[in-house]
Amino acid sequence: HIERCRKIWVAKINGACHAGGLGIALHCDVTIASDRATFRVPELLRGIPDPFMPDRLVATLGLARARYYFFTAAPMDATTAAAIGLVGAVVPHDELDAHTDWALEQIRLTGLRARAAMKRAINRRLPLGDPTLFNDVPSSEIAEGMRSFLERRPPEWPR
């Protein structure tokens, strides 16, 4: 819906932007992060292959970086996220609200139909997700991943 909507979606990231939150940010049109924000792709730690993340992360970061962050689940800070193209802007934490308000004002200054046309043109180039990824993982693995998360312990994957 975010991509098909003619309106511009702005993500204001203030804190942990992991898993589903990162997925939402990757679908937004403008992303602004506090310098205190952190980013992570932890799905594989839980045995869950997110159906949209592979396409979107590879398109955003490139193949090698996407693989690195998928398979290591390494966290990254906001400066790194901006440097590799994950967010559009990083601002000091205390300036996040003001900068987001400024960005919204700038967006409002653009032509409504021209803005919508540009969004459509950009989003046409984005890859689609693959919901069938869930079919490739046994439910027992997903269940163990979620149990280990809730119990705050490392998962015990069946071999």
Ranked highest first by the average count of other Cβ atoms within 10 Å around their residues, in what order do 71-81, 29-39, 12-22 fall? 29-39, 12-22, 71-81
Can you tell me the 0 to 90 degree angle between the C-alpha axis of helix 96-108 and the longest principal axis of the chain, rounded to 10? 60 degrees
Spin-label point model (7 Å from Cα, Cβ direction): what's the Leu109 to Leu45 distance in nm? 4.1 nm
Over the chain, with neighbouring protein chains present, the accessible area per residue in Å² at probe 1.4 Å is 62 Å²
Could you work out how much longer the chain between Ser139 and Ala64 gets when fully extended? Use 0.36 nm per residue separation minus the Cα distance between them, nm to one decimal. 24.1 nm
Can you give me the relative contact order of segment 40-159 as a percent, contacts being Cα pairs under 8 Å and 6 or more apart? 42 percent
Could you work out how far helix 139-150 tilts from the main Cα principal axis of the chain, as a 0 to 90 degree angle to the nearest 10? 70 degrees
Leaving ligands, DNA and RNA out of it, report the carbon-plus-sulfur percent of the accessible area of the chain at a 1.4 Å probe. 57 percent
Contour minus Cα-Cα distance for Ala98 and Thr80 (0.36 nm per residue): 4.3 nm
Can you give the % of DSSP beta bridges in segment 2-159 that are antiparallel, to the nearest 5? 15 percent
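The values are calculated or read from the model by the stated rules, or taken from the named source; none is laboratory data. Since this is a predicted model, take the numbers as computed values, not measurements. Backbone-built Cβ (ideal geometry, glycine too); neighbour counts: all protein chains shown. Side chains are part of the model used for accessible areas, which takes the heavy atoms of the whole protein and leaves out ligands, DNA and RNA. Shrake-Rupley method; radii C 1.70, N 1.55, O 1.52, S 1.80 Å.
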